[in-house]
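**Student:** Dumping the structure here so I can ask a few things about it.
The values are calculated or read from the model by the stated rules, or taken from the named source; none is laboratory data. Predicted model, so just to flag it, every value in this text is computed and none were measured. Note that each Cβ is placed from the backbone with ideal geometry, even for glycine, and that neighbours are counted across all protein chains shown. Please note that ligands, DNA and RNA were not included when accessible areas were found on the heavy atoms of the full protein model with its side chains. Shrake-Rupley method; radii C 1.70, N 1.55, O 1.52, S 1.80 Å.
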Amino acid sequence: MKWENLERSTNVIDKRKKRNKIIGAIAGLTAIVSTFIYGPNLPEYINSAVKEDNKYTAEAKYTDEIHAEFIKAMLFITEDSWSKIFKSKNLTYKNTNLVLFTDSITSACGHAGFDIGPFYCSGDSTVYMDLDFFDLLSKNLKVIGDASQAYVVFHEVGHHVQNLLHVLPSVYLRMKKYPEKDANNLLVRLELQADCYAGIIFNKSKKILEPGDIAEVVNAASRIGDDWLQSRSGKVMPDTFTHGTSEQRAGWLLHGYKNGTMESCDTFSQPDTIIKS
């Protein structure tokens, strides 16, 4: 991505501490799984997945400070794009803050440690992100490149959009009324919509995309599908899916990119939530 000359968001709050933690492979995969799977209980397949992908190592592309600048640029893209989209619908977009942290952080959603990874808290309308997550994303799941990292930012801001449109609180209330399987299905639709919204931002950012960026992002979405992650341990449990399969995640991301409209991202009216990639 050609991002160096982009404007930077002024809504990034740096709460990083001096680095003093040891980062292990298990913590790395915990971060990626927790980021994209809602809830406090992590599946048993984490250890097996780590053993499989721990063989891979990659050098970090950016220093911490350059990485922070990249995050600021990506957040600015979302602010500019969503402001224009909302304005076209006679709505007002309210920017989210993005907090950079290390080790742990306390938000309106509670205390979060390094093992949680990036997340959006609807309680304070803020995205929280530990930059170490991106190194672990590449080392443990072989997801490499700045476009993949932009996808994480765009996805989390997608949840902010859902919050502004009252979709997020509405779904959470509905989930309380259903058994776990049905509640998980609602959660899948919520997450796939955030993926589709991320695709919209890539659509609006075509001028800064480089050859291979979209293929890179689609690959990243495929490698964080519930079925792919669970298959690393050989035990796939569809009823526990909370973010969608690899096909669904990649498909909805690409769907948002190709269409570029919020109307195209209505995952809740789709009978099976599958959009072919």
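**Student:** Apply the Karplus parameterisation 6.51 cos²θ - 1.76 cosθ + 1.60, with θ equal to phi minus 60°, to every residue of segment 150-158 and state each ³J(HN,Hα) to the nearest whole Hz, in sequence, with x for glycine and proline.
**Tutor:** Residue by residue, segment 150-158 yields 4, 4, 4, 5, 5, 5, 5, 5, x Hz.
**Student:** Using per-residue counts of other Cβ atoms within 10 Å, averaged over each peptide, order 150-162, 66-78, 83-95 from highest down.
**Tutor:** Final packing ranking: 150-162, 66-78, 83-95.
**Student:** Under a 5 Å amide H to amide H cut-off, with H placed in plane at 1.01 Å, what residues pair with VAL99 once short-range neighbours are removed?
**Tutor:** ILE13, VAL127, TYR128, MET129
**Student:** Normalised radius of gyration for segment 155-222, please: alpha carbon Rg relative to 2.2 N^0.38 Å, two decimal places. Write out the running numbers ahead of the final one.
**Tutor:** Details: Rg = 14.6 Å, N = 68, 2.2 N^0.38 = 10.9 Å.
So segment 155-222 has a normalised radius of gyration of 1.33.
**Student:** Obtain the radius of gyration and the Kirkwood radius of segment 89-129 from its C-alpha atoms and give Rg over Rh.
**Tutor:** When Rh is taken as the Kirkwood radius, the ratio is 1.08.
**Student:** Turning to a different aspect of this structure: Distance from the Cα centre of segment 242-265 to that of segment 90-114, in angstrom?
**Tutor:** 24
**Student:** Please give the per residue accessible area of segment 96-216, computed with a probe of 1.4 Å over protein heavy atoms only, in Å².
**Tutor:** In whole numbers, segment 96-216 has 34 Å² accessible per residue.
**Student:** Given a 1.4 angstrom probe, I'd like the percentage of the accessible area of segment 140-214 that is carbon and sulfur, rounded to a whole number. Intermediate results must be reported in sequence, preceding the final value.
**Tutor:** Details: 1480 of 2820 Å².
The C+S portion of the solvent-accessible surface of segment 140-214 is 53 percent.
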